[in-house]
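A.B. asks: Structure in structure tokens, see below.
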Amino acid sequence: MKSAAPRKIRRFLSGKLFPLALLLILAAGAFLFLAFRMSGALAPVAALERIFSVGVALFLVNSPLPSENRTARLLLLLLFPWLGAVCCLFLRSPSPSGCPSSPRDGNGLSRAVFSVCGGSCRAASAEYLPSGKEMAERLLSDLSLADREIFLEYYILARGEFLDAVLSVLERKAREGVDVRVLYDDFGCALTLPRSFRKTLRARGVKVAVYHPLRPFPFSALNRRDHRKIAVIDGEIAYTGGINLADEYIGKLIRFGHWKDTAVRITGEPARRFKALFLSAWNHGKSTEKCDPSCVSAPNGIPCAVISDGAGGTRTGEEALLQMLSRAEKRIVLCTPYLAPTEPVFNALKGAARAGTDVRLMIPHIPDKRSVFALTRSEARRLMRFGVNVREYAAGFLHAKCVAADGKYAAVGSYNLDARSLRIQAECGIFFESEEMAHSIERDFGELWETGVPVPAASLAERCAAFLLRPLAHLL
């Protein structure tokens, strides 16, 4: 079997990340040239570096950023004074409003989350899809029946069987006069799509937009990505969850063992709210992302709330999660591929377990990113010391992002339990007050839990890796 390394190298050299890497190499080369050939010029440069770095450090210390974010940026400043200082100025995440500590009142959980999300609505139907294969089958069927509009917003698109099947339907629907639009993140697709992809889509009659195209400047655009997964058909059907349009998500490409992922299919008013989210991103935030609390349909439907965060601004996802953790009375189960929580979320998980709530957390057993995996296991071990129960998905990589509490409340979306998802990136999800949805997630989680394996004791290498990486956790 041929190694995949040459193919990855070719993709990198022909992709959009290569110019950025080349720019960094040229900057390092210029510094080395000054160091060896123009040593007399280094003294004023070093003095200017000290002044600039101290100024940025003072700015960070006095900024409203959470303490863990300040620590990571100060370490970056120490390691790379010039580049680190510039990055510290531009790679800023907004200070979230946070959630105050709440009493454990299960009856108030849904009201609290609805308030955080700007109001509730009712879904005509909601279906939990426990695998990428099931999601792909339902999505392709719904796309083929669209008669007005198809809106797709995804972090990753990768050429393969799944995306080709979707593109085939999109091309046919565009010929039929359906308004077909695709929005994807340029960083997420930097190594998975050819540079000609936009032209290919437009030639098929599909409207296409790229979120924050990769450019050296501004730095803030490089850091803030669109991590959402949204499909909206005719404004009446919507999908969200952890599944991107790539073959590994549906089991057609084996990477890191079996890839476990989940999604939900919703109809009714929530679909129209996901449509508003898409149009806001499509129009660069010119249309509102706020849900109208008075806009309620399907009076006998499922109470729910669309959770959304842009790349900046108030962080609704973290606040909704904090409310679920602080108000769950009996049990709460969570799945996440990456575990590097913000300080409030870590404390909420710890506090829930100490208060007697049965807190169970599933993480991957096979990593897709070794540095993040080292942090994930390290954070899991820290939480276990406070009574949080953690197991690893033994069959492969767990990419699901879902929560269920007390057999009555549930949430599915694109959020990971890390600072990038909770504080920086554009994300989305949906919260349900529904016993059926909560039981579906808990049943699926129970099967994972029974076949899961305990988090192993840390090896010396893992302890060293965690020690070195934890200060940078909120930059990874």
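A.B. asks: Surrounded by fewer than 20 Cβ atoms within 10 Å (Cβ to Cβ), part of a loop (DSSP other than H, G, I, E, B) and at negative phi, is that true of Arg202?
C.D. replies: No; evaluated as a whole, the condition is false for this residue.
A.B. asks: Please count how many residues of region 316-362 are among the charged types (D, E, K, R), crowded, with 24+ Cβ neighbours inside 10 Å and within 19 Å of Glu379 (Cβ to Cβ).
C.D. replies: Within region 316-362, residues that are among the charged types (D, E, K, R), crowded, with 24+ Cβ neighbours inside 10 Å and within 19 Å of Glu379 (Cβ to Cβ) number 1.
A.B. asks: Going through region 386-424 one residue at a time, which ones are of a type in the set (D, E, K, R) and modelled with pLDDT of 95 or more?
C.D. replies: In the first step, residues of region 386-424 are kept if they are of a type in the set (D, E, K, R); the result is 391-392, 401, 406, 408, 418, 420, 423.
Correct list: Arg391, Glu392, Lys401, Asp406, Lys408.
A.B. asks: Here is a further query. Could you please tell me which pairs satisfy a Cβ distance under 8 Å, a separation of 6+ or placement on different chains, a first residue in region 208-233 that is charged (D, E, K, R), and a second residue that is surrounded by fewer than 17 Cβ atoms within 10 Å (Cβ to Cβ) and modelled with pLDDT under 75?
C.D. replies: Arg224/Gly312
A.B. asks: Follow-up question, since we're still on this one. Going by the structure shown, is Leu163 modelled with pLDDT of 95 or more, under 18 Å from Asp234 (Cβ atoms) and either in contact with a Gly (Cβ under 6 Å, 6 or more places away or on another chain) or of a type outside the set (Ser, Thr, Tyr) (or both)? Lay out the reasoning, then the answer.
C.D. replies: On the way: modelled with pLDDT of 95 or more: yes; under 18 Å from Asp234 (Cβ atoms): no; either in contact with a Gly (Cβ under 6 Å, 6 or more places away or on another chain) or of a type outside the set (Ser, Thr, Tyr) (or both): yes.
No, not satisfied.
A.B. asks: Identify, by number, the condition in (1) surrounded by fewer than 20 Cβ atoms within 10 Å (Cβ to Cβ); (2) assigned to a helix (DSSP H, G or I) that Glu379 doesn't meet.
C.D. replies: Only one criterion is unmet by Glu379, namely (1).
A.B. asks: Of (1) closer than 26 Å to Glu127 by Cα; (2) β-branched (Val, Ile, Thr); (3) more than 22 Å from the chain's Cα centre (by Cα), Val403 satisfies all except one. Which?
C.D. replies: Here Val403 meets the rest and fails (3).
A.B. asks: Mind listing whichever residues of region 347-363 are under 21 Å from Trp449 (Cα atoms) and among the hydrophobic types (A, V, I, L, M, F, W, C)?
C.D. replies: Once the filter is applied, which keeps residues that are under 21 Å from Trp449 (Cα atoms) and among the hydrophobic types (A, V, I, L, M, F, W, C), region 347-363 yields Leu349, Ala352, Ala353, Val359, Leu361, Met362, Ile363.
A.B. asks: Which of the following residues is in a helix (DSSP H, G or I) and of a type outside the set (Gly, Ala, Ser): Glu427, Glu392, Glu442? Even if it seems obvious, please write down each step before you answer.
C.D. replies: Numbers: Glu427 fails: in a helix (DSSP H, G or I); Glu392 fails: in a helix (DSSP H, G or I).
When all the criteria are applied, what remains is Glu442.
A.B. asks: So which residues in region 147-172 are of a type in the set (Lys, Arg), in a loop (DSSP other than H, G, I, E, B) and over 19 Å from Cys189 (Cβ atoms), if there are any at all?
C.D. replies: Initially, region 147-172 is screened for residues of a type in the set (Lys, Arg), giving 148, 159, 172.
Retained after the next criterion (residues that are in a loop (DSSP other than H, G, I, E, B)): 148, 159.
The one that is of a type in the set (Lys, Arg), in a loop (DSSP other than H, G, I, E, B) and over 19 Å from Cys189 (Cβ atoms): Arg148.
A.B. asks: Pick from Arg225, Arg195, Arg255, Arg272: which is at pLDDT 95 or above and among the charged types (D, E, K, R)?
C.D. replies: Details: Arg225 fails: at pLDDT 95 or above; Arg195 fails: at pLDDT 95 or above; Arg255 fails: at pLDDT 95 or above.
Checking each option against the conditions leaves just Arg272.
A.B. asks: While we're on this one: In this structure, does Ala146 turn out to be of a type in the set (Gly, Ala, Ser), modelled with pLDDT of 95 or more and closer than 21 Å to Leu277 by Cα? Spell out how you get there, then give the answer.
C.D. replies: On the way: of a type in the set (Gly, Ala, Ser): yes; modelled with pLDDT of 95 or more: yes; closer than 21 Å to Leu277 by Cα: yes.
When the stated conditions are applied, Ala146 passes them.
A.B. asks: Can I ask one more? Within region 250-263, how many residues turn out to be more than 16 Å from Tyr128 (Cα to Cα) and either touching a helix residue (DSSP H, G or I) at 6+ places or on another chain (Cβ under 9 Å) or in a loop (DSSP other than H, G, I, E, B) (or both)? Give the steps one after another, and end with the answer.
C.D. replies: Filtering region 250-263 down to residues more than 16 Å from Tyr128 (Cα to Cα) leaves 251-259.
Going one step further and asking which of them are either touching a helix residue (DSSP H, G or I) at 6+ places or on another chain (Cβ under 9 Å) or in a loop (DSSP other than H, G, I, E, B) (or both), we end up with 251-256, 259.
Summing the residues that are more than 16 Å from Tyr128 (Cα to Cα) and either touching a helix residue (DSSP H, G or I) at 6+ places or on another chain (Cβ under 9 Å) or in a loop (DSSP other than H, G, I, E, B) (or both) in region 250-263 gives 7.
A.B. asks: Please give the number of the condition Lys350 fails out of (1) touching a Ser or Thr at 6+ places or on another chain (Cβ under 9 Å); (2) assigned to a helix (DSSP H, G or I).
C.D. replies: Exception for Lys350: condition (1).
A.B. asks: For the structure I just gave you, tell me whether Ile156 is within 27 Å of Ala311 (Cα to Cα) and either among the acidic types (Asp, Glu) or buried (at least 20 other Cβ atoms within 10 Å of the Cβ) (or both). Spell out the reasoning first.
C.D. replies: Details: within 27 Å of Ala311 (Cα to Cα): yes; either among the acidic types (Asp, Glu) or buried (at least 20 other Cβ atoms within 10 Å of the Cβ) (or both): yes.
Yes.
The values are calculated or read from the model by the stated rules, or taken from the named source; none is laboratory data. Fair warning: this is a prediction, and the values are worked out from it, not measured in the lab. Quick reminder, even Gly has a Cβ in these numbers, built from the backbone with ideal geometry, and neighbours come from all protein chains shown.
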